[in-house]
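These notes are about the structure you will find just below.
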Amino acid sequence: MSVTFKNNIFYLNTPNTSYMIGIYEGKLPVHLYYGKKISGEISMERALPVKAARGLIPNLPELQEASNAVLPAEYASFGSCDFREPAICLCYPDGSRISKFEYAGYSITKGKPKLKGLPSAYVEDEEEADTLEITLLDKLKAMELTLVYTVYRHCDIITKSVRLKNHSEDKCCIERILSSSFDMANDNYDLITLNGDWCRERHISRTPVFHGYSGVDSKRGASSHQHNPFFCLAGKNTDEKAGDAYGFSLVYSGNFKAGVEVCEVNTIRAMIGINDFGFRWVLTPGEEFYAPEVLLTFSSEGIGEMSRNLNRFIRTRICRGRYRDERRPVLLNNWEATYFDFDEEKIISIAKKAKEAGVELLVLDDGWFGKRNDDTSSLGDWEVNKEKLPNGIDGLAKKVNEEGLKFGLWFEPEMVSPDSDLYRKHPDWCIHTNGRERSLSRNQLILDLSREDVCSFIIDTLSNHLNSANIEYIKWDMNRYMSEAGSALLEPERSGEFYHRYMLGLYHILDTLMSSFPNVLFEGCASGGGRFDPGMLCYFPQIWTSDDSDAIERLSIQYGTSLVYPVSSMGAHVSIVPNHQVHRVCPIKTRGDIAMMGAFGYELDLNALSEEEFEIVKKQIEFSKKYSSIIHKSDLYRLKSPFDSNFAAFEFVSEDRRDVFMLFANILGEPNTILHQVKLQGLEDDAFYKDEETGEVYTGSFLKNIGLFFDNGNGDFRTVFVKLTRQ
Ligand code: GLA
């Protein structure tokens with residue numbers, strides 16, 4: 001059992017970590033510890049640092065020895081003496097906002113229950129995990145709060161979620177309900193988050209935590225390009241290889257909030273969940289609310305190991321379906337090759353050349369429907385444009401299949417253009433607030449997924465297409481954020497439910513489609529990586545990482561993304577030069593090598609390449625077919641960061657530790673310097689590793705301590721891909 005309960009303490013143990021919750025004076029859940037594994041039992045008195053606290057500290061009358069103003073809370077409620085950021089805040093019809101949740105019992109069960117209406121991690125076998133539910137009651141208001149913990153037995157991941165049930169005769173408004181919140185000692189931590197914008201997603205920020213609140217959030221209706229629903233707390237000296245690192249990753253794709261509060265006694269409250277800004281949920285008598293799940297991990301072996309814990313878990317217990325394990329087809333997407341300017345003939349000529357190179361899947365992007373020849377119209381009118389494609393999607397799919405390729409299609413199902421038949425017919429189907437302008441972004445509005453009729457429309461539209469042609473892949477795009485958020489059908493008092501109801505509608509649509517079409521590969525996209533989160537990865541095993549396809553910018557984006565997400569989830573394509581986003585010119589080898597660290601493909605017309613480049617492409621595809629599955633399932637070691645050097649280096653060690661791949665990237669050529677040394681990681685000291693290109697054999701300890709040397713004066717934007725095999 002990975003969960004036990006003794007003397008008012010819950011012990012949650014994974015292979016290398018312990019999480020301990022005490023029930024203080026039999027009533028209050030307190031956070032005793034999370035970190036490196038502690039063997040045996042502890043005593044609550046010794047683990048709580050609060051007795052020395054003096055001064056003007058208020059207290060709940062029934063607590064004898066310590067005050068809940070400074071006690072490390074496991075899930076703090078608002079209103080009684082704890083003045084830090086609460087985890088939950090409820091408002092009752094009498095106007096009161098005070099909650100007092102006290103311990104009422106617990107259960108421990110094998111396996112992991114599903115989270116109602118929300119994506120969540122899973123188990124394949126009940127023996128993989130144990131689930132602890134701690135029940136807390138606010139007796140005065142008849143509210144029941146359940147803290148849910150699933151502890152995995154073979155990996156260092158604990159998932160947490162929360163649900164609230166209203167047993168009273170009155171409604172109650174949830175103003176905040178975080179998924180995880182607990183207090184821990186501030187061991188001089190830094191807060192690491194992933195931030196950016198369109199075309200430069202998930203760059204890494206690291207700052208010392210400071211007194212007061214700091215964190216990131218989204219109010220955009222999607223997890224966003226700007227911030228990611230993740231944070232890490234890392235010791236001051238923690239680096240990739242050593243030191244304590246806590247990772248928190250929210251399985252949710254909408255508005256979120258993630259951050260820390262350092263309080264007056266220098267403890268940290270670490271918090272993550274749905275953003276309470278703009279959120280207010282009316283919980284009617286008998287109703288239950290489920291907050292999304294969060295993944296927690298801890299490593300005492302640096303940020304690298306924290307990432308490997310999350311990468312492995314997300315790849316195997318968040319991602320699911322056929323393509324979780326199956327090799328992803330090498331694809332070619334026509335977007336940057338043609339934009340809106342294509343017809344059947346052009347697509348087939350691209351397909352023919354793609355087939356010759358070894359590509360396996362041809363994806364037709366935006367512009368195939370309605371009268372969409374630019375981005376000003378037709379979203380919602382998902383009828384094929386016969387001028388461009390006289391034989392329809394079915395006809396095109398057949399021709400592509402005849403060329404020996406699978407066929408995939410782009411949709412942006414959540415959107416509507418004001419210039420569309422759908423909008424003219426149903427002007428109320430989009431997100432809007434009466435009396436306010438409907439602000440456009442990329443000339444489009446968002447369909448109101450809090451409505452059942454709209455969800456059914458999307459399910460029917462997609463299902464009809466999937467049933468009427470041999471479509472084996474769908475790119476599910478989403479190209480704007482929410483403004484004037486509101487629904488024609490929500491009563492005014494429920495307007496604060498809108499953002500979350502939208503997400504529930506989206507998850508319902510995706511659940512339905514995934515179960516009806518389990519063999520279709522879905523790739524997520526939101527103007528690139530605007531909704532790259534574990535919630536989406538429960539449906540889409542891969543997501544278009546960024547609209548920036550420039551290989552050098554991708555080094556940073558993919559490096560930052562890998563803090564949380566496995567490389568198998570990162571759509572990465574070779575595109576044309578000069579690059580369309582930054583106008584940089586990188587060699588085809590560099591573009592291929594960097595895209596190889598992801599779900600590999602092309603975003604160009606291969607007819608435009610020189611013969612020499614085309615030969616390189618053929619080899620890249622051959623390599624990808626041979627090794628991408630191994631790379632995707634490997635452990636990633638980040639050896640050099642493009643954020644603080646002129647280099648980037650990534651190493652992949654296969655599950656069986658036999659195959660080792662290393663990518664070295666030299667960003668700008670340097671004059672008159674010595675070779676650049678890169679030390680490898682994760683190898684066995686005494687094993688021998690052979691460089692497949694040079695035939696050179698090294699010991700693991702040599703590679704780890706002396707490493708490999710690379711020429712860094714050989715021009716700009718150069719990469720070297722090394723393949724080593726353990727002998
Ligand atoms: C978004 C996507 C692109 C492409 C276009 C099509 O920007 O991120 O990859 O599909 O839409 O309009």
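The values are calculated or read from the model by the stated rules, or taken from the named source; none is laboratory data. This is a predicted model, so every value here is computed, not measured. Positions of Cβ are generated from backbone atoms using ideal geometry, with glycine treated the same way; all protein chains shown enter the neighbour counts. What goes into the accessible areas is simple: the full protein's heavy atoms, side chains included, and nothing from ligands, DNA or RNA. Shrake-Rupley method; radii C 1.70, N 1.55, O 1.52, S 1.80 Å.
For the range 588-646, give me each residue that is hydrophobic (A, V, I, L, M, F, W, C), in a loop (DSSP other than H, G, I, E, B) and away from the ligand (no atom under 16 Å from the Cβ).
Going residue by residue through the range 588-646, those that are hydrophobic (A, V, I, L, M, F, W, C) are 588, 594-597, 599-600, 604, 606, 608-609, 614, 616-617, 621, 623, 630-631, 636, 639, 643.
In the following step, the residues that additionally are in a loop (DSSP other than H, G, I, E, B) were identified as 596-597, 604, 609, 643.
Selection gives 596, 597, 609, 643.
If the Cβ limit is 6 Å and pairs must be 6+ apart or interchain, which residue in the range 618-631 that is crowded, with 19+ Cβ neighbours inside 10 Å pairs with which residue that is among the aliphatic types (A, V, I, L, M) and at pLDDT 95 or above?
Short answer, once both residue conditions are applied: 621/330; 621/357; 624/330.
Mind listing whichever residues of the range 506-536 are within 16 Å of the chain's Cα centre (by Cα), under 18 Å from residue 331 (Cβ atoms) and outside any loop (DSSP other than H, G, I, E, B)?
522, 523, 524, 529
Could you give every pair whose Cβ atoms fall below 7 Å, whose first residue belongs to the range 336-353 and is of a type in the set (Ser, Thr, Tyr), and whose second residue is away from the ligand (no atom under 16 Å from the Cβ), counting only separations of at least 6 or pairs across chains?
Going by the 7 Å Cβ cut-off, the qualifying pairs are 338/346; 349/607.
Just give me the residues in the range 427-452 being within 16 Å of the ligand (Cβ to nearest atom) and not in a strand (DSSP E or B), in sequence order.
Taking the range 427-452 and keeping what is within 16 Å of the ligand (Cβ to nearest atom), we get 440-446.
Matches in the range 427-452: 440, 442, 443.
Considering only residues of the range 653-670 that are crowded, with 23+ Cβ neighbours inside 10 Å and touching a His at 6+ places or on another chain (Cβ under 9 Å), which is farthest from residue 239 (Cα to Cα)?
Going through the qualifying residues, I end up with 666.
So is residue 327 closer than 30 Å to residue 128 by Cβ, open to solvent by 10 Å² or more (accessible area, probe 1.4 Å), of a type in the set (D, E, K, R) and within 17 Å of the chain's Cα centre (by Cα) or not? Even if it seems obvious, please write down each step before you answer.
Values: closer than 30 Å to residue 128 by Cβ: yes; open to solvent by 10 Å² or more (accessible area, probe 1.4 Å): yes; of a type in the set (D, E, K, R): yes; within 17 Å of the chain's Cα centre (by Cα): no.
When the stated conditions are applied, residue 327 does not pass them.
Go through the range 671-683 and give me each residue that's surrounded by 15 or more Cβ atoms within 10 Å (Cβ to Cβ) and part of a loop (DSSP other than H, G, I, E, B). Full working, then the answer.
Residues of the range 671-683 that are surrounded by 15 or more Cβ atoms within 10 Å (Cβ to Cβ), as a first pass: 676, 678-683.
Residues satisfying the conditions are 679, 680, 681, 682, 683.
May I ask you to verify whether residue 424 is open to solvent by 60 Å² or more (accessible area, probe 1.4 Å), in a helix (DSSP H, G or I) and either over 30 Å from residue 328 (Cβ atoms) or in contact with a Cys (Cβ under 6 Å, 6 or more places away or on another chain) (or both)? Explain how you work it out, then say what you get.
Details: open to solvent by 60 Å² or more (accessible area, probe 1.4 Å): yes; in a helix (DSSP H, G or I): yes; either over 30 Å from residue 328 (Cβ atoms) or in contact with a Cys (Cβ under 6 Å, 6 or more places away or on another chain) (or both): yes.
It is true that residue 424 is open to solvent by 60 Å² or more (accessible area, probe 1.4 Å), in a helix (DSSP H, G or I) and either over 30 Å from residue 328 (Cβ atoms) or in contact with a Cys (Cβ under 6 Å, 6 or more places away or on another chain) (or both).
Filter the range 393-425 down to residues that are among the small types (Gly, Ala, Ser) and away from the ligand (no atom under 16 Å from the Cβ) and give me whichever is nearest to the chain's Cα centre (by Cα). I'd like the intermediate steps shown before the answer.
Filtering the range 393-425 down to residues among the small types (Gly, Ala, Ser) leaves 395, 397, 404, 408, 417, 420.
Next, from what is left, pick out any that are away from the ligand (no atom under 16 Å from the Cβ): 395, 397, 404.
Values: 395: 36, 397: 31, 404: 33 Å.
Residue satisfying both the conditions and the ranking: 397.
Working carefully through the options 108, 88, 157, 98, find the one that is crowded, with 20+ Cβ neighbours inside 10 Å and within 24 Å of residue 27 (Cα to Cα). Before you say what the answer is, go through the steps one by one.
Values: 108 fails: crowded, with 20+ Cβ neighbours inside 10 Å; 157 fails: within 24 Å of residue 27 (Cα to Cα); 98 fails: crowded, with 20+ Cβ neighbours inside 10 Å.
88 is the lone residue from the list that is crowded, with 20+ Cβ neighbours inside 10 Å and within 24 Å of residue 27 (Cα to Cα).
Could you say which residue among 406, 355, 399, 388 is of a type in the set (Lys, Arg) and out of contact with any Asp or Glu (no Cβ under 6 Å at 6 or more places or on another chain)? Before the answer, list the steps.
Numbers: 406 fails: out of contact with any Asp or Glu (no Cβ under 6 Å at 6 or more places or on another chain); 355 fails: out of contact with any Asp or Glu (no Cβ under 6 Å at 6 or more places or on another chain); 388 fails: out of contact with any Asp or Glu (no Cβ under 6 Å at 6 or more places or on another chain).
Just one listed residue meets the conditions, 399.
Residue 540 versus (1) open to solvent by 10 Å² or more (accessible area, probe 1.4 Å); (2) away from the ligand (no atom under 12 Å from the Cβ); (3) under 21 Å from residue 473 (Cβ atoms): which is the lone unmet condition?
Here residue 540 clears every test but (1).
Considering only the range 440-475, state which residues are within 23 Å of residue 323 (Cα to Cα) and in contact with a His (Cβ under 7 Å, 6 or more places away or on another chain).
Answer for the range 440-475, where residues must be within 23 Å of residue 323 (Cα to Cα) and in contact with a His (Cβ under 7 Å, 6 or more places away or on another chain): just 471.
Give me the residue from the range 107-152 that is of a type in the set (Val, Ile, Thr) and touching a Gly at 6+ places or on another chain (Cβ under 9 Å) and, out of that set, nearest to residue 174 (Cα to Cα). Don't jump to the end; show me each part of the working.
First pass over the range 107-152, keeping only residues of a type in the set (Val, Ile, Thr): 108-109, 123, 131, 134-135, 146, 148, 150-151.
In the following step, the residues that additionally are touching a Gly at 6+ places or on another chain (Cβ under 9 Å) were identified as 123, 131, 134-135, 150.
Details: 123: 30, 131: 25, 134: 20, 135: 18, 150: 24 Å.
Of everything passing the filter in the range 107-152, 135 is nearest to residue 174 (Cα to Cα).
Looking at the range 506-532 only, could you name the residues that are away from the ligand (no atom under 16 Å from the Cβ) and closer than 12 Å to residue 253 by Cα?
506, 507
Would you confirm whether or not the range 406-413 contains a residue that is surrounded by 15 or more Cβ atoms within 10 Å (Cβ to Cβ), modelled with pLDDT of 95 or more and under 17 Å from residue 451 (Cβ atoms)?
Here is the first cut: in the range 406-413, the ones surrounded by 15 or more Cβ atoms within 10 Å (Cβ to Cβ) are 406-413.
If we keep only those that are modelled with pLDDT of 95 or more too, we end up with 406-413.
Next cut, under 17 Å from residue 451 (Cβ atoms) only: 413.
Yes; the residues of the range 406-413 include at least one that is surrounded by 15 or more Cβ atoms within 10 Å (Cβ to Cβ), modelled with pLDDT of 95 or more and under 17 Å from residue 451 (Cβ atoms).
Residues are listed down the side, and each one gets a yes or a no for (1) within 21 Å of residue 313 (Cα to Cα); (2) of a type in the set (Gly, Ala, Ser):
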{"site": "185", "(1), (2)": "no, yes"}
{"site": "191", "(1), (2)": "no, no"}
{"site": "194", "(1), (2)": "yes, no"}
{"site": "211", "(1), (2)": "no, no"}
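Would you be able to say whether some residue in the range 164-180 is in a strand (DSSP E or B), over 24 Å from residue 86 (Cβ atoms) and open to solvent by less than 10 Å² (accessible area, probe 1.4 Å)? Steps first, answer last, please.
First, the residues of the range 164-180 that are in a strand (DSSP E or B): 164-166, 172-180.
After this cut, where a residue has to be over 24 Å from residue 86 (Cβ atoms) as well, the list is none.
Looking for residues that are in a strand (DSSP E or B), over 24 Å from residue 86 (Cβ atoms) and open to solvent by less than 10 Å² (accessible area, probe 1.4 Å), one finds none in the range 164-180, hence no.
If you take the residues of the range 500-537 that are in contact with a helix residue (DSSP H, G or I) (Cβ under 7 Å, 6 or more places away or on another chain) and polar (S, T, N, Q), which of them is surrounded by the fewest Cβ atoms within 10 Å (Cβ to Cβ)?
Across the range 500-537, the extreme among qualifying residues is 519.
Would you please list the contacts, defined by Cβ atoms under 7 Å and residues six or more apart or on different chains, that run from a residue in the range 549-573 that is more than 19 Å from residue 318 (Cβ to Cβ) and touching a residue at least 40 places away in the same chain (Cβ under 8 Å) to a residue that is part of a strand (DSSP E or B) and among the polar types (S, T, N, Q)?
549/575; 573/333
Of everything in the range 371-392, what is touching a helix residue (DSSP H, G or I) at 6+ places or on another chain (Cβ under 9 Å) and either open to solvent by less than 10 Å² (accessible area, probe 1.4 Å) or within 16 Å of the ligand (Cβ to nearest atom) (or both)? Give them in sequence order.
Once the filter is applied, which keeps residues that are touching a helix residue (DSSP H, G or I) at 6+ places or on another chain (Cβ under 9 Å) and either open to solvent by less than 10 Å² (accessible area, probe 1.4 Å) or within 16 Å of the ligand (Cβ to nearest atom) (or both), the range 371-392 yields 378, 379, 380, 381, 382, 388, 389, 392.
Name the residues in the range 473-495 that are away from the ligand (no atom under 16 Å from the Cβ) and crowded, with 20+ Cβ neighbours inside 10 Å, would you?
Looking only at the range 473-495, we keep the residues that are away from the ligand (no atom under 16 Å from the Cβ), and these are 482-495.
Residues satisfying the conditions are 482, 485, 487.
Being more than 24 Å from residue 162 (Cα to Cα) and of a type in the set (Ser, Thr, Tyr) narrows it down to one of 179, 224, 205, so name that one. Let's see the steps before the verdict.
On the way: 179 fails: more than 24 Å from residue 162 (Cα to Cα); 224 fails: more than 24 Å from residue 162 (Cα to Cα).
Result of the check over 179, 224, 205: 205.
Considering every residue within the range 87-96, establish whether at least one is under 31 Å from the mean Cα position of the chain (by Cα), over 23 Å from residue 504 (Cβ atoms) and not in a helix (DSSP H, G or I). Show your work before the answer.
Filtering the range 87-96 down to residues under 31 Å from the mean Cα position of the chain (by Cα) leaves 87-90.
Of the ones still in play, those that are also over 23 Å from residue 504 (Cβ atoms) are none.
The answer is no; no qualifying residue exists.
If I ask for residues that are more than 20 Å from residue 597 (Cβ to Cβ) and basic (Lys, Arg), which ones from the range 673-727 would you list?
690, 704, 726
Within the range 610-619, identify whether any single residue is in contact with a helix residue (DSSP H, G or I) (Cβ under 8 Å, 6 or more places away or on another chain) and under 28 Å from residue 681 (Cβ atoms), and answer yes or no.
Taking the range 610-619 and keeping what is in contact with a helix residue (DSSP H, G or I) (Cβ under 8 Å, 6 or more places away or on another chain), we get 613-614, 616-618.
Subset that is under 28 Å from residue 681 (Cβ atoms): none.
Taking every residue of the range 610-619 in turn, none turns out to be in contact with a helix residue (DSSP H, G or I) (Cβ under 8 Å, 6 or more places away or on another chain) and under 28 Å from residue 681 (Cβ atoms).
Can you work out which of the residues in the range 349-370 that are open to solvent by less than 20 Å² (accessible area, probe 1.4 Å) and out of contact with any Leu (no Cβ under 8 Å at 6 or more places or on another chain) is farthest from the ligand (Cβ to nearest atom)? So that I can check it myself, show each step before the final result.
Taking the range 349-370 and keeping what is open to solvent by less than 20 Å² (accessible area, probe 1.4 Å), we get 350-351, 354, 357-359, 361-369.
After this cut, where a residue has to be out of contact with any Leu (no Cβ under 8 Å at 6 or more places or on another chain) as well, the list is 358, 365-367, 369.
Values: 358: 23, 365: 5, 366: 3, 367: 7, 369: 12 Å.
Per the stated criteria, the residue is 358.
Looking at the range 248-301 only, could you name the residues that are among the charged types (D, E, K, R) and assigned to a loop (DSSP other than H, G, I, E, B)? Spell out how you get there, then give the answer.
Of the range 248-301, the ones among the charged types (D, E, K, R) are 257, 261, 264, 269, 276, 280, 287-288, 293, 301.
Once the filter is applied, which keeps residues that are among the charged types (D, E, K, R) and assigned to a loop (DSSP other than H, G, I, E, B), the range 248-301 yields 264, 276, 280, 287.
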